[in-house]
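Read the figures in this text as sums done on the coordinates, not as results from a lab. Bear in mind the structure is a predicted one, so any value in this text is a computation, not a measurement. We place every Cβ from the backbone using ideal geometry, glycine too, and count neighbours over all the protein chains shown.
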Amino acid sequence: MRLLFYCADNFQLLDLSGPADVFAIANILSEVEHFTMQYVSEFGGRLRSNSGVEVETSSINDVIVDERDVLFVINGLDVERLPSPAVVRFLDEAHDRASSVCTICTGLFILAAALRHMPYKATTHWRYFDALRSKFPNIELHPNAPFVNDGKLWSSAGISTAIDMSLHLLEQHCGRRLAQQVTMAMVLPNRRRQNDAQLSFHLLLQFECSDTKWENLLHWIQENIATPLDTEKMASFMAMSPRNFTRRCKQEFDITPKKLVDRIRLELANSLLQETAYSLSYIANRCGYGREENMKRAFLKGKGMTPFALRRLVRGSS
């Protein structure tokens, strides 16, 4: 299978190198060249990324896309710049011919200029939701999704989520085992799916922290999540009285200490449920629920389905 990476001038380097490495590592681990890669630009030649690294590219005039190809569309940060008529024509024809077309971050703006005539579902980086909505009302935007698949179209929020999207494409073509091997080889903490958030709950909590001692608390909770964690224990770790700790916790995270632990526990269990083959009993104990029934109630309240149903849904969509 040939992977074509169309890059605009001043493109985001990691939007290219992240997905490309997923498939390059897959070739290495399987000792089979499942994928060949070709880098493409409007005029060909050396193309400079926004970090100064240059990539040798072929001109769109020298590339004929067919049904065996997967095309990735990669842009820079200038979403106001419209693609030329030649690029629009190339992408329109590529969409008709390729087996899949994938946009990464603001690459959706380039492809959208070629697909104004059709409605479809997509996502992009959270910074550009409003700009995308105003320019392309034909797109049904899924703002919180890390990536979206709609028929042959794939779109991702960009950078790390492009790696998640590429791992799912790899799984479609080469199976779950190789995708998991590549995930481990890239030392990724987990693999996001379409129903996950672009920004994890833990990352959002870290962003809210006013200083490092609150970040340290989050790490401490994760490290001790298998044990009972009450307000007194957390207050002791923070060297505060329980009353003062409760007040400060609400100021930092806008939730009570109990709800903070409950949410961290649920997100960890959700990650283990989706990304491992551990039994439900093991996950319940590992995450501090004690019994499967307790975890089941937490998932019904927080995710709207049981752990078993969620795992079956994830496996079925793989």
Checklist outcome for this item: Over the chain, the quotient of the Cα radius of gyration and 2.2 N^0.38 Å is 1.13
Next on the checklist: Exceeding 21 Å between C-alpha atoms, which entries from my cross-link table qualify? They are Lys250/Lys303; Lys121/Lys301; Lys259/Lys301.
Outcome noted: Lys250/Lys303; Lys121/Lys301
Checklist outcome for this item: Ranked output for segments 119-125, 31-37 by mean other Cβ atoms within 10 Å, highest leading, reads 119-125, 31-37
Checklist entry - Arg2 label point, 7 Å along Cα→Cβ, cut-off 15 Å on backbone N: hits in region 38-58? => result 38-41, 57-58
Checklist entry - How many nm is it between the label spots at Asp211 and Ala309, if each spot is 7 Å from the Cα in line with the beta carbon? => result 4.5
Checklist outcome for this item: FRET efficiency (Phe237, Leu188; Cβ distance; R0 25 Å; to 0.05) is 0.30
Next on the checklist: Please compute the contact order of region 2-185 in relative form: average sequence separation of alpha-carbon pairs under 8 Å and at least six residues apart, divided by the residue count, as a percent.
Outcome noted: 22
Item to check | Under-5 Å amide H pairs with Thr57, H placed in peptide plane, nonlocal only | outcome: Gly45, Arg46, Leu47
Checklist entry - Local charge sum around Ile225 (other residues, Cβ-Cβ under 14 Å, Lys/Arg +1, Asp/Glu -1)? => result +1
Checklist entry - So if we plug the beta-carbon distance of Arg46 and Arg176 into 1/(1 + (r/R0)^6) with R0 = 30 Å, what FRET efficiency do we get, rounded to 0.05? => result 0.20
Item to check | CD proxy at 222 nm, helix term only [per DSSP H run n ≥ 4: -39500 (n - 2.57); per residue of the chain; nearest 500] | outcome: -15000 deg cm²/dmol
Checklist entry - How much length, in nm to one decimal, is gained on full extension between Trp126 and Arg68, taken as 0.36 nm per residue of separation minus their Cα-Cα distance? => result 17.7 nm
Checklist entry - Expressed as cubic angstrom per residue, what is the convex hull volume of the alpha carbon set of region 201-317? => result 101
Next on the checklist: Charges on Cβ only, +1 for Lys and Arg, -1 for Asp and Glu, centred on the Cα centroid of region 2-185; of Met184, Thr123, Leu170, which one is farthest towards the dipole's positive end?
Outcome noted: Thr123
Item to check | Simple Cβ-charge dipole of the chain, Lys/Arg +1 and Asp/Glu -1, about Cα centre, in debye nearest 20 | outcome: 1560
Item to check | Volume in Å³ per residue [convex hull over Cα atoms, computed for region 126-168] | outcome: 72
Item to check | Lys, Arg +1 and Asp, Glu -1 on Cβ, resulting dipole of region 1-136 about Cα centre, debye, nearest 20 | outcome: 500
Item to check | Relative contact order computed over the chain (Cα-Cα under 8 Å; 6+ residues apart), in percent | outcome: 12
Checklist entry - What aspartates and glutamates sit close enough to Lys135 to cross-link, taking a C-alpha to C-alpha distance under 13 Å and skipping anything fewer than 8 places away on the same chain? => result Glu80
